[in-house]
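**Q** Before we start, here is the structure in question, set down as structure tokens.
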Amino acid sequence: MRVLVVPSWYPSEQEPLNGSFFREQAAMVAEAGHEVTLLVPRLVPLAGWRGPATTVEHDGELTVIRVAMPALPRPLQRLEQELMGHLAESAYRSAMPALPDVLHAHSVMPGLLIAQDLAVRWGRGVVVTEHRPSSLSAVRSPARQAHLLHALADAAAVATVSEPFAEAIAEHYDIARPDVIPLPVPEAFFTTPSGVHDAAGPYTFLHVSNLVRNKRPEETIEAFARTVEHVEARLLIAGGTTARVEELRALVSRLGLEERIEVLGRVERERLPDLMARSHCLVLASAVEAGGTVLGEARAAGLSVIATATWAGRAWVDPASGTVVPTDDAEALSTAMTAMAREARATAQEFRDTVRETARDIFSSDAFLTRQVDAYRRAIAAEDRPRMIFHAPFPTDPRPRSASRLRPLRMLEAFQENGYRLHPVVGAPRQRAVAFRAARRRLRAGQQLGLLYSENSTQPNLLATSVRDGLAPILDARILLWARRRGIPAGEFYRDVYWRFSTSLRNVRTPRAAVMNLLYRLDLAALRLARVHLFLPSERMAPIVPVPETASSALPPGATVVDSTSPEGLHLLYVGGLGAEYGLDACVEAVAATPDATLTLCVPPEQWEKNRSRYEQHLGERIRVVHGSGPELEPLYDAASVCVLFVEPGEYRTFAAPVKFFEYLGHGKPVLLSRGTYAGELGERLEIGPVIDYSADALRRELEDLHAHPERLARYGDNARRVRHDQTWAARARRAAAQLTATER
């Protein structure tokens with residue numbers, strides 16, 4: 001396997017420890033039999049840039065290509081990715097005879113920007129690993145942010161170095177939770193013999209870092225000063241520049257602790273295993289720490305660890321190996337150091353051996369290679385799949401709280417499950433524009449794009465995201481028209497036609513309504529002009545949109561199969577919206593009048609507060625209201641024997657296919673349905689629940705009959721569990737792809 005690594009920073013003669021772990025990781029991959037090349041960018045202010053100045057070095061099995069690149073000012077940053085990609089490609093091709101199989105970017109800026117641009121040029125997959133906490137707080141221009149967001153969405157794999165940091169990255173960039181690949185530790189830390197002092201000697205604390213303020217070396221010294229008032233101990237401090245070393249030595253002198261604290265200065269990396277072998281406890285009191293390389297090294301050397309509650313501290317320090325204390329809490333840090341010295345932890349060889357053994361499963365080179373090479377292989381395999389464009393005029397939300405955002409996410413996952421390599425053209429206007437340009441470049445580079453699937457917004461495309469994110473009035477029309485000109489079959493799921501039923505929008509009573517009506521119609525005009533195939537919730541919707549029958553087909557929502565228990569009795573569950581338009585009054589009244597039935601309403605809290613007065617009088621032991629979403633719903637489903645879509649019929653419900661219907665079906669639950677709705681027709685056809693005239697009295701009679709004949713409910717449940725496998729999101733994606741490819745033929 002040929003791997004091209006693009007690190008955002010890397011060791012040099014001037015800074016030999018800067019990104020040393022990037023070099024170590026690359027060497028581990030090379031030693032495992034893979035060909036590894038590093039392309040190291042050096043950003044230079046535009047005014048001082050004098051050309052690429054490419055150099056090639058050979059470092060053992062590694063080939064290191066260094067290239068100078070201009071750092072563009074904010075007004076020009078929309079051009080920087082392609083410029084850096086062009087310089088990187090030229091430098092690589094001048095030094096290497098063959099293209100890599102996979103690209104690996106270390107940190108998003110500039111590593112990911114360069115790697116993703118090379119991926120567009122070469123048709124290769126990108127793995128990105130984020131190490132740098134400051135990437136979450138960096139202030140970026142809108143252009144640079146748009147390029148980074150698209151690059152993250154387009155990457156084959158995103159990884160980071162600890163579980164808490166992965167959660168922070170997912171929330172910051174609004175992406176799925178990254179994989180976790182712990183920073184590996186060289187074998188020398190595991191194998192260097194322990195030179196621990198005997199119990200009579202002083203307990204030895206060790207701090208290793210670059211001694212910047214984030215690492216809190218002053219606070220560590222001050223906490224140690226309190227500790228030695230109670231126990232005999234010493235503190236070794238390694239690392240840092242000459243200036244920082246002198247500052248800390250002056251602090252030690254002022255405290256009168258020269259005999260207890262030794263500030264060693266910079267220690268060569270190959271000497272660290274021996275230094276740790278002669279210490280008992282590592283202290284890392286950082287304010288921010290993503291992966292904490294030194295934490296893994298300390299555990300590999302058999303030390304106890306005291307760390308602050310950073311992302312890395314919470315991830316890699318457990319009660320068996322050490323203690324986690326609050327950040328910037330001097331008293332807690334001193335107390336932990338005192339307790340560690342009194343307990344004499346890591347003075348016994350057995351303790352160190354145990355800590356080392358548990359560390360090997362997490363931080364060894366073998367554990368790292370298993371995870372890292374697997375990510376490379378997944379990225380390579382993804383690029384061998386047929387390619388398609390996934391379009392949406394809004395971001396795909398990895399943690400959706402509404403059906404309108406759940407469906408795009410499930411369809412994206414379903415196309416991937418069906419073997420497609422997705423190129424997302426999603427997000428705010430700037431991000432979509434970047435992604436659209438990348439798609440055009442991929443096509444020019446000879447990469448085939450088999451189809452385009454689009455999800456429409458509940459708002460007009462122009463207003464699908466906040467206007468603060470920019471406006472692009474014709475961008476989405478351009479994307480669809482481009483697909484038509486290039487012979488790429490395109491389809492869009494057109495879910496929302498509430499605007500066709502809104503009195504205010506239909507009768508144009510306000511300026512806002514007039515604008516909204518116009519924008520909806522312009523979106524439809526663009527779809528017709530681009531001859532986009534419309535997927536609709538049901539065939540009945542076609543005359544309402546309106547579109548020619550030959551240009552549309554039904555594509556109801558899909559189900560996610562989830563194993564759920566089937567309790568005895570009549571325990572009803574409703575999950576969804578609440579308000580006058582839902583007409584749940586009849587359901588609540590019927591359950592209130594049926595002593596053998598219970599009902600749980602899981603509704604949004606703000607909607608409950610707004611409609612509380614309509615339902616509050618019926619609440620009690622048998623009828624309750626809860627709030628929840630996502631995983632919080634699973635206990636509710638387990639406790640339910642039947643689900644409810646007994647809502648008031650209306651014109652819109654004669655063709656709308658609610659996502660909740662398919663969520664109920666995916667859990668294998670019988671469903672109570674109201675006659676005169678499309679969901680009722682589906683349920684009757686699939687035989688997964690009774691279809692009832694919409695009235696409280698009719699539902700009450702049905703509940704009484706189900707109580708008297710529980711075998712009916714069991715039969716409906718058996719049918720639901722049987723047919724749900726034909727109604728999955730993957731099956732829905734297959735139908736959409738088959739329709740588009742058939743249309744093209």
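**Q** In the chain, if the dipole is taken from +1 on Lys/Arg beta carbons and -1 on Asp/Glu beta carbons about the Cα centre, which of 351, 333, 10 is farthest to the positive end?
**A** 10
**Q** Also, quick follow-up: Of the accessible area of the chain, with the probe set at 1.4 angstrom, what percent is carbon plus sulfur?
**A** Accessible surface attributable to carbon and sulfur in the chain totals 51 percent.
**Q** Please compute the contact order of region 332-430 in relative form: average sequence separation of alpha-carbon pairs under 8 Å and at least six residues apart, divided by the residue count, as a percent.
**A** With pairs under 8 Å counted, the relative contact order is 27 percent.
**Q** Please list, ordered by chain and number, the residues whose modelled amide H lies under 5 Å from the amide H of residue 207; skip anything fewer than 5 residues away on the same chain.
**A** Result for residue 207 returns 236, 237, 238, 283.
**Q** Could you work out the helix-only [θ] at 222 nm for the chain, with each DSSP H run of four or more residues adding -39,500 (n - 2.57) and the total divided by the number of residues, to the nearest 500 deg cm²/dmol?
**A** -13000 deg cm²/dmol
**Q** Related question: If you count the DSSP beta bridges with both ends in the chain, what percent of them are antiparallel, to the nearest 5?
**A** In the chain, DSSP labels about 5 percent of beta bridges as antiparallel.
**Q** Where does each of 325-331, 590-596 land if you order them by average Cβ count within 10 Å, highest first?
**A** For the peptides 325-331, 590-596, the packing ranking is 590-596, 325-331.
**Q** Ok, one more. Rg and Dmax in Å for the chain, alpha carbons only: what are they?
**A** Calculated on Cα positions, Rg and Dmax stand at 30.8, 90 Å.
**Q** Among 611, 572, 473, flag the residue with its Cα farthest along the positive direction of the charge dipole of the chain, charges on Cβ as +1 for Lys/Arg and -1 for Asp/Glu.
**A** It is 473.
**Q** Indicate the gyration tensor shape class of region 583-742 (rounded, prolate or oblate), computed on the Cα atoms with a ≥ b ≥ c the square roots of the eigenvalues: a/c under 1.5 is rounded; otherwise a/b larger than b/c is prolate and the rest oblate.
**A** Judged from the Cα gyration tensor, region 583-742 comes out prolate (a/c at least 1.5, a/b above b/c).
**Q** Over region 188-286, calculate the relative contact order: mean separation of alpha carbon pairs under 8 Å at least 6 apart, over the residue count, as a percent.
**A** 45
**Q** Over region 56-163, what is the relative contact order in whole percent, taking alpha-carbon pairs under 8 Å and six or more residues apart?
**A** The normalised contact order for region 56-163 reaches 24 percent.
**Q** Report, by chain and number, residues whose modeled amide H sits under 5 Å from the one on residue 472, excluding near sequence neighbours (fewer than 5 apart, same chain).
**A** Hits under the 5 Å cutoff: none.
**Q** Just the number please: accessible area per residue for the chain, 1.4 Å probe, all protein chains included, in Å².
**A** Solvent-accessible surface per residue comes out at 42 Å².
**Q** Could I ask something else about it? List the residues whose amide H sits under 5 Å from the amide H of residue 538, counting only those 5 or more places along or on another chain, with H placed 1.01 Å from N in the peptide plane.
**A** Residues meeting the amide H criterion: 555.
**Q** How much of residue 311 can a 1.4 Å solvent probe reach, expressed as accessible area in Å² and rounded to 10?
**A** Surface accessible to solvent at residue 311 totals approximately 60 Å².
**Q** Moving to a separate point now. Note down the net charge around residue 185, summing +1 for each Lys or Arg and -1 for each Asp or Glu among other residues with Cβ under 10 Å from its Cβ.
**A** Here the count lands on -1.
**Q** Considering the dipole of the chain built from charges on the beta carbon (Lys and Arg +1, Asp and Glu -1) around the Cα centre, which of 677, 728, 493 is farthest to its positive end?
**A** Farthest along the dipole direction, towards plus: 493.
**Q** With every protein chain kept in the model, how would you rank 399, 93, 244 by accessible area, 1.4 Å probe, largest at the top?
**A** Heavy-atom accessible area, descending, gives 93, 399, 244.
The values are calculated or read from the model by the stated rules, or taken from the named source; none is laboratory data. These numbers come from a predicted model, not from an experiment. Here Cβ is always computed from backbone atoms with ideal geometry, including for glycine, and neighbour counts include all displayed protein chains. Side chains included, ligands, DNA and RNA excluded: accessible areas come from the protein's heavy atoms. Shrake-Rupley method; radii C 1.70, N 1.55, O 1.52, S 1.80 Å.
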